[in-house]
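Structure, as structure tokens:
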Amino acid sequence: MDNAWVVGLVIALIVVGAIAIWLFNQKRRSDRLQEQFGPEYSHTVRSEGDRKQAEEALEARSRRVEQLNIRPLSESERDQFASRWRTTQARFVDDPMAATREADDLVGEVMQVRGYPMGDFEQRTEDISVDHPHVVEHYRAAHDIALRNLDRDANTEELRTAFTHYRALFEDLLETETQTHAESAARSEVRG
């Protein structure tokens, strides 16, 4: 009977150890994803309604974006886009509706030049969230107002808010090549 008790105890310890390792790995996975995605992690958990499903979705996004050919803008491209942004921003005073549409178009153009696919809006936000998780909420908020702008249902203050949101994403998308490589290295460390 003593041998059976010892064997049972050993099996129980192995099971408890395996569960502890599994829980530790799950915690590490969650921590890594929270660090990588920042506020987008919480958004995805709320959207999915389940932490495990959200984490699987975030990992799937990361794998998808790793397959894309996302590139930094050249210095001349950055300068051209920055100049166009200044022109659009100056136009806001006289025609906020048109300037907000132009800001949306300009953000989309920068995304496309950088290599982000221009599918439906939700796919774009998911793709952007991998490399720009701290500004993707700006994109969502701006897009919501821009949709109301198309129906002429957004007032000037709302358009100003949308424009500010677009500017946050636009500036993040104009990142320098040095920042891009540093951020890529940091992402690799976080993913690893």
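General observations
- Across segment 107-121, rounded Karplus estimates of 3J(HN,Hα) from the backbone phi angles (6.51 cos²θ - 1.76 cosθ + 1.60, θ = phi - 60°) give 4, x, 5, 4, 4, 5, 4, 5, x, 6, x, 9, x, 5, 4 Hz, Gly and Pro being marked x.
- With a Förster radius of 45 Å applied to the beta-carbon distance between residue 10 and residue 66, the computed FRET efficiency rounds to 0.60.
- Under a Gaussian network description of the chain, with springs only between Cα atoms under 10 Å, the residue in 88, 44, 156 that fluctuates furthest is 156.
- Against the main long axis of the alpha-carbon atoms of the chain, helix 136-150 sits at an angle near 40°.
- Note on the chain: GNM, Cα springs under 10 Å; of 89, 36, 26, the largest mean-square fluctuation is that of 26.
- What the Cβ-Cβ distance of residue 90 and residue 144 gives, at R0 = 25 Å and to the nearest 0.05, is a FRET efficiency of 0.50.
- Across segment 13-21, computed HN-Hα scalar couplings (Karplus, 6.51 cos²θ - 1.76 cosθ + 1.60, θ = phi - 60°) run 5, 5, 4, 4, x, 5, 5, 4, 5 Hz from first to last residue, x flagging Gly and Pro.
- The residue 51 and residue 19 beta-carbon pair, evaluated with R₀ = 22 Å, returns a calculated FRET efficiency of approximately 0.80.
- The chain: relative contact order in percent, alpha carbon pairs under 8 Å with at least 6 residues between: 25
Throughout, read-outs are computed from the coordinates displayed, never taken from laboratory work. Nothing here was measured: the structure is a model prediction, and the numbers come from that model. When we count neighbours, we look across all protein chains shown, and the Cβ atoms used for this are built from the backbone with ideal geometry, even at glycine.
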